[in-house]
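Participant: The structure follows.
Derivation of every value follows stated rules applied to the coordinates shown; laboratory data play no part. No experiment lies behind these values; they were computed from the predicted model shown. Backbone-built Cβ (ideal geometry, glycine too); neighbour counts: all protein chains shown.
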Amino acid sequence: MFHVEHFGASGRRRGTPLCYPSPHMGRIVAIANQKGGVGKTTTAVSLAAALAIAERTTLLIDMDSQASSTKGLGLKPNPGGEMYSVLSGEVRLEQILVPTELECLTVAPASRDLVGIEVELAGVQGREYRLREAVAEIRDRFQYILIDCPPSLGLLTINALAAADGILIPVQCEYLALEGVSELVETLYRIRASVNRDLELDGVLLTMFDERTNLSRQVVADIRSFFKERVYRTIVPRNVRLGEAPSFGKPIMLYDIRSKGSESYLNLAREVIRRHEKTGTRQSTEQPHP
């Protein structure tokens, strides 16, 4: 599945076919947690890259005004060629898509202009469905569409959750982690009741795990007890190389393929593929109560 040794210096996969054709419309996954600093953008970029390495056509949509996913892949959108212009109705989503070093990975970039979208769309009917409508035009071109959400529960995140089939929640292995996730699950219930009744909890990813501390191990135990099989087996450790990669404008696999961080996200991609491609069925809609 993962032919890492075939990458050249540019990071492009050599040989053909480069990407598996998509047999169905892509699964849309919002990567969200209203708490900042949990590894959300790292997960969005790294998982998208890992899926692309697995030769799955993948689109990463940056819905954060900080544009961290965009910058973390070394991209800079052209004026008017980013998500603000899509949500404001100026251009179609397909018009802003940008290729990356990985043949199977495409990005819909963001810029700081996204800061003003909530004010500009205030009072506009159907504003929470802007992203869903935009993605509908191109979702059959990708097997996976990942949305990097801002660390808040404002209009941008609501747009992402309204458009998504499922939500992936990164959880930092630190104090009060469960409390923040409980709030997000409560929001998930509200979203399902109002704008997206089919939204599923795809999984919870434990991040920034420090095997040296009892606290990290306790958080893992608490989260697994709370979410049970919804927690991914993969646990992402604290890793210096993961923190360095964005400053070089590369996903961790192209920065240091042998690092623990790279290994973790490759394993996560295997889990995601196994869950959504092997069974061929939708997950149960039953969610844990906060």
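Participant: How big is the shadow of the Cα convex hull of the range 53-116, averaged over all directions, in nm²?
Facilitator: Across all orientations, the range 53-116 yields a mean hull projection of 4.1 nm².
Participant: Right, another one. Can you give me the Kirkwood hydrodynamic radius for the range 19-92, using every pair of distinct Cα atoms, in Å to one decimal?
Facilitator: About 13.9 Å, per the Kirkwood formula over Cα pairs.
Participant: For the chain, give me every cysteine whose Cβ has no other Cys Cβ within less than 4.7 Å, ordered by residue number.
Facilitator: Among the cysteines of the chain, those whose Cβ sits 4.7 Å or more from every other are CYS149, CYS173.
Participant: Taking the Cα centre of the chain as origin, sum charge times position over the Cβ atoms of Lys and Arg (+1) and Asp and Glu (-1), and report the length of that vector in debye to the nearest 20.
Facilitator: In total the dipole reaches around 680 debye.
Participant: Just how many pairs of Lys in the chain have C-alpha atoms closer than 27 Å, counting pairs that are eight or more places apart or on different chains?
Facilitator: 18
Participant: Next up: Among MET83, LEU188, THR57, whose Cα lies farthest out toward the positive end of the dipole of the chain, if unit charges sit on the beta carbon of Lys, Arg (+1) and Asp, Glu (-1)?
Facilitator: THR57
Participant: Determine the distance separating the Cα centre of the range 107-140 from the Cα centre of the range 206-256; give it in Å without decimals.
Facilitator: 30
Participant: Under a plain spin-label model, where a point goes 7 Å from the Cα along Cα-to-Cβ, how far apart in nm are ARG224 and ARG112?
Facilitator: For the pair ARG224/ARG112, the computed spacing is 4.4 nm.
Participant: Further question: Short version: what are the Cα gyration tensor semi-axes of the chain, square root of 5 times each eigenvalue, largest first, in whole Å?
Facilitator: Calculated on Cα positions only, the semi-axes equal 25, 25, 18 Å.
Participant: Separate question: What per residue convex hull volume, in Å³, do the alpha-carbon atoms of the range 225-281 yield?
Facilitator: Cα-based convex hull of the range 225-281, divided per residue, equals 102 Å³.
Participant: Report the full-extension gain for the segment GLU244 to GLU94: residue separation times 0.36 nm, less the Cα-Cα distance, to one decimal in nm. Walk me through the numbers before you get to the answer.
Facilitator: On the way: separation 150, 0.36 × 150 = 54.00 nm, distance 3.07 nm.
Here the answer is 50.9 nm.
Participant: Place +1 on the Cβ of every Lys and Arg and -1 on the Cβ of every Asp and Glu in the chain, take the dipole about the Cα centre, and give the residue among LEU155, ALA269, SER69 whose Cα lies farthest towards its positive end.
Facilitator: Checking the options against the dipole of the chain, the answer is ALA269.
Participant: Which of rounded, prolate or oblate describes the range 127-208 when judged by the alpha-carbon gyration tensor and an a/c cut-off of 1.5?
Facilitator: prolate
Participant: On to the next question. Can you give the helix-only mean residue ellipticity at 222 nm for the chain, where every DSSP H stretch with n ≥ 4 adds -39500 (n - 2.57) and the sum goes over all residues, rounded to the nearest 500 deg cm²/dmol?
Facilitator: -9500 deg cm²/dmol
Participant: Still on this structure: Ordered by packing density, taken as the mean number of other Cβ atoms within 10 Å over each peptide's residues, highest first, how do 87-96, 45-54 rank?
Facilitator: Final packing ranking: 45-54, 87-96.
Participant: Just want to confirm a number: the relative contact order over the chain, from Cα pairs under 8 angstrom separated by 6+ residues, in percent.
Facilitator: On the way: 556 pairs, mean separation 67.9, N = 290.
That works out to 23 percent.
Participant: Taking a virtual spin label 7 Å from the Cα of ARG275 along the C-beta vector, which residues in the range 156-177 bring their backbone nitrogen under 15 Å of it?
Facilitator: In the range 156-177, the label zone of ARG275 (backbone N under 15 Å from the point 7 Å along Cα→Cβ) covers 164-171.
Participant: Starting from the Cα gyration tensor of the range 21-166, take the square roots of the eigenvalues, sort them a ≥ b ≥ c, and report rounded, prolate or oblate (rounded when a/c is under 1.5, otherwise prolate if a/b is larger than b/c, else oblate).
Facilitator: In terms of gyration-tensor shape, rounded.
Participant: Using every alpha carbon pair in the range 162-225, what percent of pairs falls into each 5 Å bin from 0 up to the bin containing the largest distance?
Facilitator: 4, 18, 26, 20, 13, 11, 6, 3, 0
Participant: Within the chain, which is the longest segment containing none of the chymotrypsin sites (Phe, Trp or Tyr not before Pro) that sit in a DSSP loop and have at most 15 other Cβ atoms within 10 Å? Walk me through the numbers on the way to the answer.
Facilitator: Working: sites that count: PHE2, TYR175.
Between exposed loop sites, the widest span is 3-174.
Participant: Let me check I've understood the local charge: for ASP64, count other residues with C-beta under 15 angstrom from its C-beta, Lys and Arg +1, Asp and Glu -1. What total comes out?
Facilitator: -1
Participant: For a quick size check, give me the Cα extents of the range 91-246 along its three principal axes, largest first, whole Å.
Facilitator: Principal-axis extents of the range 91-246 (Cα, largest first): 50, 40, 29 Å.
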